[in-house]
Amino acid sequence: MSRRNILDILTDADPRWIYLLCLTVLSAPLIFPVGLPLVVGDNARGFYTYIESLPEGSKVAFSWGADSMTWMEQGLGATVILKHLMMNPGIKIVAFSNMAQGPLYWKMTLEKVGTYGKEYGVDYVYLGYLPGKEAMFAAVAADVWGACGGKDAYGKSLEDLPLMSDIHSANDFDLYIHLPNGIDPVMISIRQWQMPYEIPFYCIPLGAVQSSLVSYRKTGQISGWIGSAREAAEYELLMNSPGLALSGMDAQSFGHIFIIVLIIIGNVGYFIKKSRGIEK
Amino acid sequence: MKMSETLKTKIPKLIIFLCGVLTIADLYLNVPVSVHNSAITLQKIAMVISAFSIGLGVASILTHHGGAIMRRTGGWYFSIWLLVLFAIFAIVGFAYGPTSDQYMWLFNNIFVPVNQTMYSLLGVFIVYALYRTFQAKNIEVGVMIVVSLFTLIGRAPIGGYLWSGFPAIREWCKILNLGGYRAFIIVSAIGAVAMGIRVLLGRETSILGRGGE
């Protein structure tokens with residue numbers, strides 16, 4: 001093989017080889033787990049500790065903004081948080097969705113997680129999909145009953161649901177959790193829930209959004225979050241309840257290493273070409 | 001003509017001004033209960049108007065793909081497939097309810113796997129794009145690549161396993177990000193306030209469907 005061919009391989013490899021390698025690198029650890037140790041970070045520990053510290057009878061508002069575009073990543077965190085809330089017998093949950101697909105993902109996740117003996121209407125209520133973006137968040141925070149027309153997701157009157165008798169506005173909740181499908185819904189939650197009602201606010205953002213949230217945590221507007229599969233896996237570890245996130249961590253490690261190696265190979269090839277005057 | 005201009009511009013501007021002032025007053029001032037209730041009613045009206053956008057989306061899909069089929073434009077047969085699936089989901093949703101077992105079966109067995117396949121493929125394409133484009137052609141790109149590499153290795157569990165410094169460096173990279181992002185937030189907030197004032201004063205007409213003054 002000539003030098004020229006090696007350079008071509010380094011810089012212009014056939015994409016099909018990259019796809020095949022990617023498939024191999026990601027699937028091999030799933031079939032043959034290595035079990036690399038996972039260190040639990042501050043984000044997962046803080047979120048977990050806060051939910052654990054909630055006194056019996058605490059009411060949690062859960063903005064279930066599940067969206068098909070982001071569910072692949074956020075679903076892991078959303079599932080583990082819902083599971084934790086359901087497992088804790090003293091916690092009451094009122095959930096609503098700002099995305100049209102929210103009710104479907106809510107049902108799918110609830111069937112997967114289970115209710116751990118919680119009774120619908122007494123321990124948890126789902127208000128369904130509520131359109132309106134920022135106006136909806138403001139309306140629900142100010143008047144829960146009015147914003148959903150006095151009915152839950154299944155058409156039941158809120159008067160028939162004992163849990164709702166104590167809940168009228170954001171002031172009646174002890175914790176607000178949001179599953180946002182981007183950065184804008186987080187900002188909306190800060191503007192319409194956290195700041196006016198001074199309610200502790202945790203969220204389950206996309207991994208890419210996390211760095212944008214750091215400044216809001218420093219001001220206390222966001223109490224904490226778990227973002228990405230990594231932190232969902234850490235949370236599963238804290239709950240001693242291994243799930244999909246934890247089983248994917250080896251694949252994530254090898255996937256990241258694979259990308260790093262590819263970037264390095266691409267750059268080595270680029271600089272060799274540049275030194276020989278092939279690339280300008 | 002004068003009446004038309006009033007209907008087109010002045011009345012919408014007046015409505016925007018009143019809605020804006022009412023909402024802002026409710027947020028920042030200690031207003032009477034009647035004003036507070038009016039602001040909440042406005043928010044509920046906005047929710048109802050938003051619900052109409054879903055119907056608008058349906059109409060847009062039907063018009064766009066119906067037209068593509070009629071004109072036999074490129075890939076028109078995909079439009080038929082889209083409308084067939086649209087009809088199946090809509091009929092099952094209307095007949096049994098959007099969270100019924102029947103609808104959930106369609107959702108879990110058609111939508112979820114197709115959706116996951118699409119986004120998984122996107123991930124693989126991004127890997128290839130990184131390989132082809134992440135080349136340190138200047139100092140700025142070089143810095144970005146170095147930060148990316150530390151983020152990638154620091155984020156994965158194997159990073160901390162190999163060397164405890166990787167997660168620490170990744171955390172430190174957040175400080176770089178924080179400085180820039182704070183500046184961005186402050187500037188964009190000032191811009192948003194300026195834009196809001198323009199809208200309230202009727203100086204911003206792009207929201208009425210035409211260009212600014």
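Using just the helices of chain B, give the 222 nm mean residue ellipticity in deg cm²/dmol: DSSP H runs with n ≥ 4 each add -39,500 (n - 2.57), and the total is spread over all residues, rounded to 500.
Computed mean residue ellipticity for chain B: -27000 deg cm²/dmol.
Between region A:2-72 and region B:86-106, the alpha-carbon centres lie 32 Å apart. For region A:204-219, the Karplus equation 6.51 cos²θ - 1.76 cosθ + 1.60, evaluated at θ = phi - 60°, returns couplings of 10, x, 5, x, 5, 7, 3, 5, 6, 8, 4, 5, 6, 6, 5, 8 Hz by residue, with Gly and Pro reported as x. Computed from Cα atoms, the angle from the helix A:249-275 axis to the main principal axis of chain A rounds to 40 degrees. Annotation: amide H-H contacts under 5 Å for A:TYR129 (H modelled 1.01 Å from N, sequence separation of 5 or more, or interchain): A:SER97. DSSP assigns beta bridges within region A:42-247; of those with both partners inside it, close to 5 percent run antiparallel.
Shielding of peptide A:166-173 by partners, expressed as the average count of other chain Cβ atoms within 10 Å per residue Cβ, is 0.
Measuring between alpha carbons in the structure, the pairs from A:LYS112/B:LYS174; A:LYS112/B:LYS44; A:LYS218/B:LYS44; A:LYS107/A:LYS133; B:LYS137/B:LYS174; A:LYS118/B:LYS174 lying more than 30 angstrom apart are A:LYS112/B:LYS174; A:LYS112/B:LYS44; A:LYS218/B:LYS44; A:LYS118/B:LYS174. The distance separating the Cα centre of region B:138-171 from that of region A:124-200 comes to 39 Å. For region B:33-57, backbone nitrogen atoms closer than 20 Å to the point 7 Å from B:ILE110 Cα along Cα-to-C-beta are found at B:55, B:57. Note on region B:84-196: Cα-Cα pairs beyond 16 Å make up 77% of the total pair count. Taking every Cα-Cα distance in chain A and sorting them into 5 Å bins starting at zero, the pair-distance distribution P(r) comes out as 1, 5, 11, 14, 16, 14, 10, 7, 6, 5, 4, 3, 2, 1, 1, 0 percent.
Over 29 Å, how big is the tail of the calculated P(r) for the protein assembly as shown, in percent of all Cα pairs?
60
For chain B, would you read off the P(r) tail past 27 Å as a percentage of all alpha carbon pairs? It works out to 67 percent of all Cα pairs. At R0 = 35 Å, how high is the FRET efficiency between A:THR115 and A:VAL261 if r is their beta carbon distance? Nearest 0.05 is fine. So, using R0 = 35 Å, E works out to roughly 0.20.
Every read-out reported here was derived from the displayed coordinates using simple, explicitly stated rules and does not represent laboratory data. For clarity, every value in this text was computed on a predicted model and none was experimentally measured. Backbone-built Cβ (ideal geometry, glycine too); neighbour counts: all protein chains shown.
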